[in-house]
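Written out below as structure tokens is the structure these notes cover.
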Amino acid sequence: MSLNEEVELLRQIPMFQKVEQSKLKLLAFTSERLSFPAGQVVCEQGEPGDSMYVIVQGDADVIVNLPNGPLTVAALHKNSFFGEIAILCDIPRTATIKAKTELVTLRITKDLFYRLVSEFPQMTIEIMREIAFRLDRTTQDLQQARNDLNKLQGADS
Amino acid sequence: MERNIFSFILKYSYRQQIVLVLLAVINMPFTMLGYQLVEKIVNEGIQGFRKVPEQVTQDDGSIIEKSVKMMIEFPEAVFGIGPEFDQVIFLFVLVGLFLANILLLQGIKYALNVYRGVTAERMLRRLRYALFQRVLRFPKPTFKKTSQGEVISMITGEVEPLGGFVGECFSLPVMQGGIMLMSLGYMLIADWKLALAAVALYPIQFYIIPKLQKRVNLLGKERVKRVRKLSEKIGETVTGINEIHAHDGSNLELATFSERLNGIYYIRLQIYIWKFIIKFVNNFIQQLGPVMFYSIGGYLVIKGDLDLGTLFAAISAHKEIGAPWKELLGYYQRQADARIKYEQVVEQFAPAGLFDEERLMSEPETPVTFEGNVNASGIILTDDQNNSVLDSVSFTLALDQKVALVGAGGSGRDELSEVLARLIEPDRGTVTFGGHDLSALPESVTGRRISYVDNAPFVFNKTLGENLFYGLKHRPLKDAEYEGDRKKERDSYVSEAKASGNLDFDLGADWVDYDAAGVPDTAGLRQAGIEALKIVGLDEDVYQFGLRGRINPETRADIADGVLKARKALDERLTDPSLAVLIERLDPNSYNTNASLAENLLFGTPVGDTFDLDRLAEHPYIQEVLEKVGMTSQMVSMGYQAAATMVELFSDLPPDHELFQQFSFVSADDLPELQGLLAQYTKDQLDTLKPHEQLRLMSLPFKLIPARHRLGIIDDEVMPRLLEARKAFAGNLPDNLQGAVAFFDPDEYNAAANIQDNILFGKIAYGQAQAQERVGALMREVMSELGIIETVSEVGLEFEVGIGGSRLTGAQRQKLALARAVVKRPDVLILTEATASLDTSSQARILDGLLGAFEGRSIIWGVHRPAMAERFDHILVMKGGRIVESGSFAELNKEGTALSEMIAAEAA
């Protein structure tokens, strides 16, 4: 795939829609396109991370290691991104990402990421929107879990 | 060692000195004959008279003997022997004899000089060897006082002139003194008044010169000392270069150096001045001679008391006298210098407590092994300031136990380890291993039965393998076979070494003590080495070194063969599509999209500097090839496109931006130039570019890697043409460039490329997750199936570690030192914080590995963390130079013990 085709592909991703052409080209040129065969782990929970990924093609599972084994908590699809928490907060990866089908990603390093968000407020808003959406979903899940727990405890007593 | 240079010379070279003196003595009569011939030629040959003594009655009636001229009636026999000749022939015969005498005289001088040279060089070699041997015999505290720089300066520079002096020590005074006496004698016979006049002033010289010389000697002594200090400073700077830079100390160092140079400058200047004063005095007195001759001699000739021939001969003899006299005075100066230098050097090499030579050299009659107990009794050690370091340390422990020495820095723990390894000698007390008193054992026992590793081990500037097996090379065990010329070379090596009192052990022989390593041969040794590397966790590093190593496929055909097999085996593995995407292999008939255009064009590994992959466009032959296949203008236009893209992407980034350095194949400095070119020319005006601009653009596409840069510049139209260029490049390579490229051939081992590249025979593809690791694992798999993993590690053993192991990391050096200590299979392994600098997982791995490997043997480990002691059979806890607790971990790990306190302090 040539650089120009890649730029077109990036343009379809909501996060990059407002980024100007030349910057998108720089992004395509400097970010690494990485392919993962189905089943391959992209990043491992607990390991340090230095980059985020945008899915260009394929699906991936989000897996969290729990005391009683790994649990798939969400799925990621084309145009979604992951790995931003580790580079925003300098903490280890919070979940394991595993390719479900053959997965093609764009790997954006920490430096490039900071440069992009500082130059393109639109992109920052897109990322905030996504993170907020995820937080909302997590809050709902937590609510649900609490209710379930209360019910269980109520049944016990 | 002899305290005085003359006794040193006599002791080791008296035979040579006798020969030299004899040669000097033989020299004399011929010198004498030379003077006679000169006189005869002038008087008899040219002027045709002879001087005959005649009794002359003087006016006062006294009779004196006087020589008078008597004309010769030719023909006449030369020296009254043989046939008679006319005057002209007579003259030529005399001159012929004179010539023959010159030849003979110079021949003797030549022989004398050569023999002198041989003697001098042998003695210098002997002296240097003796000094170096003494360095090896220095007790450890000496190294606290003597710096490396000083020792080097003494052994290399300072003793150098001594060799020259050894050669002339006796023969020069004999020869020059002889010549002088002869000349003087001849003059005395010819005319005693003239003779006395010529040497009248010598006694003055004889009195003054030594007085002056004394000053020079003192200054010389001072100079030697200061130069040593200078060497010390240089050595210190090289060793401490990091600290100097880290603290901006360069100016201070330069100023210190300058100050020392200043001191040396003044001393040297003083020496010069005094030397020239001596020279002045000498020359002046010497020149007074002719003054005497011309005045007194001239007067006598005028009076008729002296004939001109005698005056000439006397003047010539005076000149001859002057030369040896000068030599003698010079000799006097040199011997004074040599004497001082020798004494000053030898003084430094005779510290108290020098080891016995036997300790280094002797072999035990029967092999000694340490079994039973290690016993220390009443060990007392004080440091050079008389502080107590070890105070009555005594213990007895079984040698199959693992012992931990626990103690803080300054507790005496480290010193006890060194005493046990006999690296320092205690002031009092004895250590015995299996009943053998450590102080009485030669190093051939202690250095083989004990291994010692501390936390800053030294690694030699050799290959990794040579370092690993260093502890197995004690003396040549299997002689090398030599034949023909090599044998002669070896024989002369041995006889020369003996003539200089040097060790004649053959470095070409096999020194490895295979029995000590418990293996039968070299192959077994490598195995054992790799096993030892596994114990300390260095095996993976060595495997990696091996992958990056190069071999000569002719001498190591077996390895090359295995590598080619692995290359083939990889072919089969790559039929699996999930693996095939990882590597793009090299194919002579297709363009490799994961390689740069330069690599694709060359299709080989450059050998030497002829072809530089980064500057390929500049090479005339490359330009010729591109021209030939008609690609020049296409390359320029590709360069234009690439430049346009680079300018578009990077022009508004600050030049020091990380992205620039990481991704651009144009440096930030070049960008404005390219921008200028783009502004100046449109895409259609490229044929009007100036040659250097054309080259500038043309060089850009050489760096393009299609799979990585994805610029779409190298397209399906370009690739086939480049393949054509590739063929043209290899096909027409001129003779002078043959060998500058090792071409890729699927069936051949490429000697210029490393092992990994030879196996891969391709490029790791861009854009595949963890391609590096997966390819690494794949290669390992293939190689282990073929059973050649160890072969690769063996190549890794040939890795050059650099000066002081500088090409290794600190952790690698430490692990290598541990493996070196393990591979020689000692009875006792003594460690001092030997894993302190390693990461925790390596520490744990090595602790496990060593405790396992030394089952039934002894480890005495000065541990850096008290908690480590839990793994040991017995623990000695040290404080203030004493053993305060001794027992098993279970016994000592109780409330109130020093050990539990230390463990608690560590955990806190």
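For the stretch B:334-372, the candidate set comprises residues that are of a type in the set (S, T, Y) and not in a helix (DSSP H, G or I); within that set, the residue that is nearest to B:F505 (Cα to Cα) is B:S362.
So, B:R428, is that one over 27 Å from B:P367 (Cβ atoms) and out of contact with any His (no Cβ under 7 Å at 6 or more places or on another chain) or not? Answer is yes for this residue. Could you tell me whether the stretch A:42-51 includes any residue that is closer than 23 Å to A:A75 by Cβ, at the interface with chain B (Cβ under 9 Å from one of its Cβ atoms), at pLDDT 80 or above and surrounded by 15 or more Cβ atoms within 10 Å (Cβ to Cβ)? Yes: one or more hits. Do you know which of the residues in the stretch B:580-599 that are assigned to a helix (DSSP H, G or I) and touching a helix residue (DSSP H, G or I) at 6+ places or on another chain (Cβ under 6 Å) is surrounded by the most Cβ atoms within 10 Å (Cβ to Cβ)? Of everything passing the filter in the stretch B:580-599, B:L597 is surrounded by the most Cβ atoms within 10 Å (Cβ to Cβ).
Per-residue answers, yes or no, for (1) over 26 Å from B:G304 (Cα atoms); (2) touching a helix residue (DSSP H, G or I) at 6+ places or on another chain (Cβ under 8 Å):
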position: B:K40; (1), (2): no, yes
position: B:E44; (1), (2): no, yes
position: B:Q47; (1), (2): no, yes
position: B:K51; (1), (2): no, yes
position: B:S62; (1), (2): no, no
position: B:E76; (1), (2): yes, yes
position: B:P83; (1), (2): yes, no
position: B:V88; (1), (2): yes, no
position: B:F92; (1), (2): yes, no
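Of the residues that make up the stretch A:77-90, is at least one in contact with a Gly (Cβ under 9 Å, 6 or more places away or on another chain), buried (at least 20 other Cβ atoms within 10 Å of the Cβ), within 14 Å of another protein chain (Cβ to nearest Cβ) and within 26 Å of B:Y766 (Cβ to Cβ)? Looking for residues that are in contact with a Gly (Cβ under 9 Å, 6 or more places away or on another chain), buried (at least 20 other Cβ atoms within 10 Å of the Cβ), within 14 Å of another protein chain (Cβ to nearest Cβ) and within 26 Å of B:Y766 (Cβ to Cβ), one finds at least one in the stretch A:77-90, hence yes. Screening the stretch B:373-418 for residues that are surrounded by 15 or more Cβ atoms within 10 Å (Cβ to Cβ), part of a loop (DSSP other than H, G, I, E, B) and not polar (S, T, N, Q) and picking the one that is nearest to the chain's Cα centre (by Cα) gives B:G412.
Among helices (runs of 4 or more DSSP H) entirely within the stretch B:664-768, having at least 3 residues that are within 14 Å of another protein chain (Cβ to nearest Cβ) singles out B:706-709. Residues that are within 14 Å of chain A (Cβ to nearest Cβ), touching a residue at least 40 places away in the same chain (Cβ under 8 Å) and closer than 22 Å to B:K690 by Cα occur at least once in the stretch B:628-641. Could you say whether any residue in the stretch A:19-30 is touching a strand residue (DSSP E or B) at 6+ places or on another chain (Cβ under 8 Å) and among the charged types (D, E, K, R)? Checked against the condition, which is being touching a strand residue (DSSP E or B) at 6+ places or on another chain (Cβ under 8 Å) and among the charged types (D, E, K, R), the stretch A:19-30 yields no hits at all. Of all residues in the stretch B:220-236, one or more are over 30 Å from B:D384 (Cβ atoms) and touching a residue at least 24 places away in the same chain (Cβ under 8 Å). Inside the stretch B:56-104, residues that are farther than 30 Å from B:V25 by Cβ, of a type in the set (F, W, Y) and outside any loop (DSSP other than H, G, I, E, B) make up a count of 3.
Counted as qualifying within the stretch B:841-908 are the strands (runs of 3 or more DSSP E) with 1 or more residues that are free of Cβ contacts under 8 Å to residues at least 60 places away in the same chain and on the phi < 0 side of the Ramachandran plot, namely B:882-887.
Screening A:K78 against (1) in contact (Cβ under 8 Å) with a residue 40 or more places away in the chain; (2) charged (D, E, K, R); (3) in contact with a strand residue (DSSP E or B) (Cβ under 8 Å, 6 or more places away or on another chain) leaves a single unmet condition, (1).
Screening the candidates B:N758, B:N750 for the property of being polar (S, T, N, Q) and under 33 Å from the mean Cα position of the chain (by Cα) yields one hit, B:N750.
For the criterion of being among the hydrophobic types (A, V, I, L, M, F, W, C), surrounded by fewer than 16 Cβ atoms within 10 Å (Cβ to Cβ) and over 50 Å from the mean Cα position of the chain (by Cα), B:L306 fails.
Criterion first (touching a Pro at 6+ places or on another chain (Cβ under 9 Å), farther than 18 Å from A:F16 by Cα and among the β-branched types (V, I, T)) does A:V73 satisfy it? Here the answer is no, as A:V73 does not meet what is asked. The helices (runs of 4 or more DSSP H) found entirely in the stretch B:105-200 that carry 2 or more residues being touching an Asp or Glu at 6+ places or on another chain (Cβ under 6 Å), in contact (Cβ under 8 Å) with a residue 12 or more places away in the chain and within 18 Å of B:M32 (Cα to Cα) are B:171-190. Kindly indicate whether B:A595 is more than 14 Å from chain A (Cβ to nearest Cβ) and touching a residue at least 40 places away in the same chain (Cβ under 8 Å). Yes; evaluated as a whole, the condition is true for this residue.
The single condition from (1) in a helix (DSSP H, G or I); (2) within 14 Å of chain B (Cβ to nearest Cβ); (3) in contact (Cβ under 8 Å) with a residue 24 or more places away in the chain that A:S118 fails is (3).
Within the stretch B:109-135, the set of residues being within 26 Å of B:I152 (Cβ to Cβ) and among the basic types (K, R) comprises B:R122, B:R125, B:R126, B:R128, B:R134. If you take the residues of the stretch A:105-115 that are buried (at least 20 other Cβ atoms within 10 Å of the Cβ) and within 20 Å of A:L76 (Cβ to Cβ), which of them is nearest to the other protein chains (Cβ to nearest Cβ)? Per the criteria, the residue is A:T105.
Identify all residues within the stretch A:5-38 that are among the aromatic types (F, W, Y) and either within 19 Å of the chain's Cα centre (by Cα) or more than 13 Å from chain B (Cβ to nearest Cβ) (or both); write none if there are none. Matches in the stretch A:5-38: A:F16, A:F36. With the requirement that a residue be closer than 25 Å to B:Y749 by Cα and surrounded by fewer than 21 Cβ atoms within 10 Å (Cβ to Cβ), what does the stretch B:528-542 give you? Scanning the stretch B:528-542 gives B:E540, B:D541.
The residue pairs whose first member lies in the stretch A:128-157 and is in contact (Cβ under 8 Å) with a residue 12 or more places away in the chain, whose second member is in a helix (DSSP H, G or I), and whose beta carbons are closer than 8 Å, counting only pairs six or more residues apart or on different chains, are A:E130/A:M15; A:I131/A:E84.
The values are calculated or read from the model by the stated rules, or taken from the named source; none is laboratory data. Model, not experiment: these values are computed from the prediction. Note: ideal-geometry Cβ built from the backbone for every residue, glycine included; neighbour counts use all protein chains shown.
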